[in-house]
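Notes follow the structure.
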Amino acid sequence: MGDGTTVTCHGPGTPYAKSRGKAMSPDCGHLYVRPSSEQPGGRFKGTATATWTVTWTAPALNDGGQLTETRASEFTADVREVQVVN
């Protein structure tokens with residue numbers, strides 16, 4: 001996540017619904033506890049990786065197998081904080 005933590009999610013996750021507002025994901029999420037202003041360039045730098053494993057069969061050919069595909073994309077996150085005095 002760029003802040004020294006790793007998050008591993010299993011499954012497709014929960015689709016966003018406007019009714020959830022800004023609530024955390026119920027099955028996979030991350031909360032930054034510090035702003036990114038302390039990082040070089042003012043942003044957290046991380047990598048998102050997705051891995052798919054597909055098992056296939058072709059009964060007519062008496063064939064089948066398994067294939068795994070992994071894709072990774074780098075990202076940056078500008079995380080800020082707001083402090084309110086009431």
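Some notes on this structure:
- Of the residues contained in the range 41-48, one or more are found to be among the aliphatic types (A, V, I, L, M), surrounded by 11 or more Cβ atoms within 10 Å (Cβ to Cβ) and in a strand (DSSP E or B).
- Residue among ALA23, ALA58, ALA50 that is more than 16 Å from ARG80 (Cβ to Cβ) and out of contact with any strand residue (DSSP E or B) (no Cβ under 9 Å at 6 or more places or on another chain): ALA23
- Count of the range 16-36 residues which are of a type in the set (S, T, N, Q) and either over 14 Å from MET1 (Cβ atoms) or in contact (Cβ under 8 Å) with a residue 60 or more places away in the chain (or both): 1
- All conditions but one from (1) in a loop (DSSP other than H, G, I, E, B); (2) at pLDDT 90 or above apply to CYS28; the one that does not is (2).
- The selection criterion, being part of a loop (DSSP other than H, G, I, E, B), on the phi > 0 side of the Ramachandran plot, touching a residue at least 24 places away in the same chain (Cβ under 8 Å) and surrounded by 10 or more Cβ atoms within 10 Å (Cβ to Cβ), holds for GLY2.
- Some residue of the range 58-70 being touching an Asp or Glu at 6+ places or on another chain (Cβ under 7 Å) and either part of a helix (DSSP H, G or I) or closer than 22 Å to VAL7 by Cβ (or both): no
The values are calculated or read from the model by the stated rules, or taken from the named source; none is laboratory data. Predicted model only: the values in this text are computed from it and were never measured. Glycine also receives a Cβ, built like all others from the backbone with ideal geometry; neighbour counts cover every protein chain displayed.
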